[in-house]
């Protein structure tokens, strides 16, 4: 049991051999959140895409649009497309007292700029479609291992600054379609799995990873 905010709370046995480092981070974050020091899912870090990459993604959307509509899927706005690396909560007890939102954003983006400059060049490469159930269809990023290493190193760095990832799951992708708000009647027997299994997807230009942007989540 742990005493948090005057209450007793049951927490996992963090001394268990099965409890790895990432789990310890999440436990620490959860305890801090209950004490009121952490903001829940307040910010995220993403990688902007090049204009050419966005144009190619729009072509992929156009090719899949009729099938997507039959599956009650609506297009995401490609112009706003980016690759999300992680979502974060902020432990205010580890930040400078009186720090404003603007100062936080500026400080973290400077830190991420320095972090990226010390790493070898990396680009986002695309191939194949994927889905999260029936609610989302996306295009995969094919260099998952490299991006996973980058993400872990970045999260380790930000953790020291009081910025904790709120989810350790990682499926590198860029969203193409989301579930629509209204169910459309269709005689088609097409399934989402049929859609993501298509092999005739036009190529998407690789997008150099030259910048990571830390910003506040939209309300």
Query - Residue list for the range 64-84, filter: outside any strand (DSSP E or B) and either outside the structural domain of residue 134 (by TED's automatic domain parsing) or surrounded by 14 or more Cβ atoms within 10 Å (Cβ to Cβ) (or both) - result: 64, 65, 67, 68, 69, 70, 71, 72, 76, 78, 81
Query raised in the report: Which fully enclosed helices (runs of 4 or more DSSP H) of the range 95-203 have 3 or more residues being within 22 Å of the chain's Cα centre (by Cα)?
Result: 101-117, 144-159
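The values are calculated or read from the model by the stated rules, or taken from the named source; none is laboratory data. Not measured: the values here are computed from a predicted model. Positions of Cβ are backbone-derived with ideal geometry, glycine not excepted, and every protein chain shown enters the neighbour counts.
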